[in-house]
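The values are calculated or read from the model by the stated rules, or taken from the named source; none is laboratory data. Here the structure is a predicted model, which is why all the values come from computation and not from measurement. Cβ sites come from the backbone with ideal geometry, for glycine too, and all protein chains shown count toward neighbours. The area values use the complete protein model at the heavy-atom level, side chains included, leaving out ligands, DNA and RNA. Shrake-Rupley method; radii C 1.70, N 1.55, O 1.52, S 1.80 Å.
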Amino acid sequence: MNVIPLPQATSAATVGGKAANLARLIASGAPVPDGFVLTSSAVQHFVAEQERSRRDVEGEVLRAWTQLAATLTIVRSSAVGEDSEDASFAGQLDSIPQVSTSDELRTAILKVWESQWSDRVVAYQAARDTFLGGMGIIVQRQVDAAVSGVLFTVSPTSAGHMLLEYCGGLGEALVSGSINPGRVSIARGDFTCQRLATDGKDVVLNDVQMKALALLALDLERSFGAPQDIEWTIDHEGRLWIVQSRPITTSKLTPNGSAGATRPDRPGGPHEPLVFWSNANVNENFPQPISPLLYSVARAGYYHYFRNLGRAFGVSGHRLAQMDPSLRQIIGVHGARMYYNLTSIHCVLRSAPFGDLLAGSFDQFVGAEHNDGEVTHSRRAYEALELAIIAARTTWQYLFVTSRVAEFERTADRFAASTHPSKLQKKSADELLADVRGFMDIRCNRWKNAALADAGSMVCYGVLQRVLARAFPADDQQALHNTLLKALPDLVSGMPPLKLWELSRTIRANEPLRHLIARSTASEALVEIRRDVRYATFRRALDDFLENWGFRCSAELMLTSPSFQEDPTPVIDLLRSYAAMDGESPHQQVDRQAADRVRETKRVLSVLRTRRVSRWLPFVSQARVVGVVLRWTQRCIQLRERARLKQALLYSRLRRIALALGARLVDAGRLSQADDIFFLSVEEIELIVSGGEMFPDHVRRLVDLRRSAHAEVGATTPPDSMHLVRGEYLPCTARGCNAEAREDDQALRGVGACGGSTTASAAILLDVTESHRLRSGDILVTRQTDPGWGPIFPLISGLVIERGGMLSHGAIIAREFGIPSVVGVKDATRLIRHGSSITVDGDRGLVHVGNAR
């Protein structure tokens with residue numbers, strides 16, 4: 001093919017670097033003028049002496065130019081080797097604007113081709129020791145430019161700022177250096193602008209235009225994985241267009257001066273792509289240093305999770321193929337903690353139609369911080385058919401989402417029944433290995449139905465926010481969402497506290513049992529409960545709780561942490577606190593919060609009942625739309641919690657299977673102790689058990705090395721988020737935090753997860769096993785919560801969490817019981833002292849330390 005539509009010009013070796021970059025920009029959603037490309041071989045035919053080959057190419061070019069139907073076009077160079085990470089030929093090769101006739105088009109193509117032999121280009125190549133490998137030529141619709149310029153996403157003088165230069169018109173004078181441009185410094189964090197110089201011709205960019213440009217620039221930086229030099233233009237109708245984006249080749253700075261700053265002595269050059277790592281949300285599931293076994297499970301699981309979800313939604317095969325490299329890098333590990341690779345996740349999401357909205361919803365869903373504030377609005381009509389297919393497939397999936405989640409529950413229950421701990425001791429190593437394979441089959445191939453509930457929660461919550469913000473722009477949006485989503489019916493994650501309350505009432509009704517639990521240690525009480533016939537009724541109820549809910553515990557997915565089924569003593573400690581409680585029961589608390597939700601829902605729908613969606617739909621009220629979205633959101637949250645319950649069950653079974661298999665390997669002389677198996681990957685376990693291991697006699701030595709390394713690295717405290725160069729690891733000096741606790745009455749800021757205000761003593765708990773340090777009525781301050789923290793909530797009057805978003809487990813359960821809560825309070829466990837008086841303001845997302853307000 002001699003002429004290729006610009007969106008399909010993805011091969012730099014065929015069409016040159018500039019055209020390939022433009023195609024990538026289009027794929028990322030950037031607003032790029034329409035056009036087509038002559039391939040490098042086509043250009044050779046175009047200028048060839050052979051009349052037939054020249055005529056054939058000319059015919060293709062003229063047909064494409066006619067179909068473009070542009071009043072004016074611009075002909076641009078796209079050399080092979082141009083705009084690389086090592087060199088930029090900006091301003092060296094010719095571009096010919098104002099092309100309006102076929103004769104002018106022929107002449108312009110020849111001039112652009114000839115420019116690669118100019119003295120300046122030859123000299124530049126010699127100076128850079130780099131040479132062009134051919135010439136593609138771009139023909140694009142010419143923008144009627146009012147103002148144009150360049151934007152460096154990292155300023156040469158400040159890593160925390162962008163540098164914007166501009167002038168009137170198309171910007172040739174700026175590129176050629178014949179004028180002094182207007183210049184603006186833009187903060188990367190909050191987009192505040194400082195005007196450094198004007199262009200001398202009264203060309204002014206307003207703050208709205210500069211913010212829109214800055215937002216899009218950071219989006220492109222993430223898509224390309226490196227600081228960018230972006231050429232842009234704004235037409236006379238105020239529309240923003242991107243005409244090129246290339247790696248910065250003059251600055252050695254990286255965003256934020258982060259731990260991932262590139263270094264001149266680094267092999268591969270100073271401008272390798274940046275990766276943004278964040279442990280937001282993932283730390284809720286994996287709050288501790290993870291083991292090699294868990295990491296191998298998670299890497300495979302996350303890859304298939306996103307890929308299978310894309311297939312379920314009807315994402316085309318070629319898009320999935322484009323996503324595959326990023327899908328394989330969805331997670332990583334730093335300081336032995338698991339992190340999301342948000343750069344890869346954003347690349348995956350933005351590869352889908354309306355990917356910007358998906359990426360924004362994902363960040364909000366997990367509570368990740370980033371600098372996108374808006375989305376781009378430049379999706380092309382060619383996506384319409386694919387989008388329709390995706391919409392149809394997605395609708396089909398969600399029409400039956402309840403039954404799909406029920407199917408996942410049945411799958412989990414069947415596996416749990418076949419791998420019950422009581423059956424594992426009789427199984428051989430090969431049978432236990434088959435169980436490991438069975439778990440991996442579920443995690444990689446049969447997790448789609450659970451993932452649908454996750455995705456539904458993310459998307460529906462984002463849609464609900466948008467429709468409510470439009471309907472009630474003057475209201476406190478956070479408080480409104482909190483009320484509409486609290487105390488949802490049939491929320492399984494709220495069941496353990498209710499079951500524990502019932503057990504505690506049984507204790508209070510049995511005086512000897514009440515005395516035993518109040519006066520004895522948890523372990524002593526357990527021994528007596530198992531032995532004494534007077535406690536038989538309670539023993540059966542406790543065993544029933546442990547069988548059905550005992551796998552639901554803090555760090556329940558970590559594999560290395562025992563569940564309540566293995567060690568019930570923390571349950572006895574919790575029951576001691578419950579038994580001492582009087583007043584309103586958890587059931588009554590939930591009922592009261594549910595009444596508030598129903599009351600607020602009726603108010604919202606009543607207000608919107610007389611408002612129409614639009615003049616084109618006069619018979620559809622806003623109440624109907626909001627009501628539907630609200631029901632979907634609530635239902636997806638309920639289903640998500642059901643799926644997470646079974647997820648905990650599956651992982652608890654995998655732990656017990658692994659320990660049983662580890663015991664078999666101890667007997668075979670391959671391991672020193674059963675839990676050594678957690679320091680091997682799934683693939684290594686497969687090889688060792690099946691006889692395919694290359695160094696079977698060195699496995700114990702390998703485990704010892706990994707144990708030592710894990711202890712050393714796990715003792716560090718890596719940051720919650722960071723930029724690193726691709727392939728770079730967090731330096732040891734970047735790990736740790738020297739924040740000091742404080743009593744200075746300064747407000748700590750986060751996100752209000754449940755409204756209301758409360759003042760009480762702070763209980764700093766790093767794990768649910770420390771619940772004995774908690775007094776009834778304290779405010780719980782912790783790093784993150786997972787479903788295992790559920791039994792703690794009826795005991796507390798307020799909640800402060802360092803990590804998590806609005807749909808994190810802590811936020812959901814706090815709304816269940818109406819507990820004033822603030823999530824995402826950075827370093828809360830270090831900045832607040834245990835026992836100090838603090839005030840939690842859930843309405844404003846503030847935590848006051850010291851004197852109450």
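Observations
- Filter result for LEU617 (closer than 18 Å to SER771 by Cβ, surrounded by fewer than 18 Cβ atoms within 10 Å (Cβ to Cβ) and of a type in the set (A, V, I, L, M)): no
- Identity of the residue in segment 638-675, of a type in the set (Gly, Ala, Ser) and not in a helix (DSSP H, G or I), that ends up farthest from ARG707 (Cα to Cα): ALA668
- Selection status of ARG815, touching a strand residue (DSSP E or B) at 6+ places or on another chain (Cβ under 9 Å) and surrounded by fewer than 23 Cβ atoms within 10 Å (Cβ to Cβ): no
- Within the span defined as segment 632-654, one or more residues are among the aromatic types (Phe, Trp, Tyr) and modelled with pLDDT of 90 or more.
- Scanning segment 671-680 for residues that are surrounded by fewer than 21 Cβ atoms within 10 Å (Cβ to Cβ) and touching a residue at least 24 places away in the same chain (Cβ under 8 Å) yields a total of 3.
- The strands (runs of 3 or more DSSP E) located wholly in segment 767-845 that include 1 or more residues which are touching a residue at least 40 places away in the same chain (Cβ under 8 Å), hydroxyl-bearing (Ser, Thr, Tyr) and farther than 30 Å from THR633 by Cα occupy 837-841.
- Contacts under 7 angstrom Cβ, first residue in segment 489-508 being under 16 Å from GLY583 (Cβ atoms), partner surrounded by fewer than 22 Cβ atoms within 10 Å (Cβ to Cβ) and among the charged types (D, E, K, R), 6 or more apart: ARG508/ARG514
- Taking residues in segment 681-701 that are within 22 Å of GLY301 (Cβ to Cβ), and partners anywhere that are of a type in the set (A, V, I, L, M, F, W, C) and at pLDDT 95 or above, the pairs with Cβ atoms closer than 6 Å and at least 6 places apart or on different chains are VAL689/ALA429; VAL689/LEU433.
- Candidates VAL620, VAL598: the one that is touching a strand residue (DSSP E or B) at 6+ places or on another chain (Cβ under 7 Å), aliphatic (A, V, I, L, M) and free of Cβ contacts under 8 Å to residues at least 24 places away in the same chain is VAL620.
- For segment 13-39, a tally of residues being over 30 Å from the mean Cα position of the chain (by Cα) and open to solvent by 20 Å² or more (accessible area, probe 1.4 Å) returns 3.
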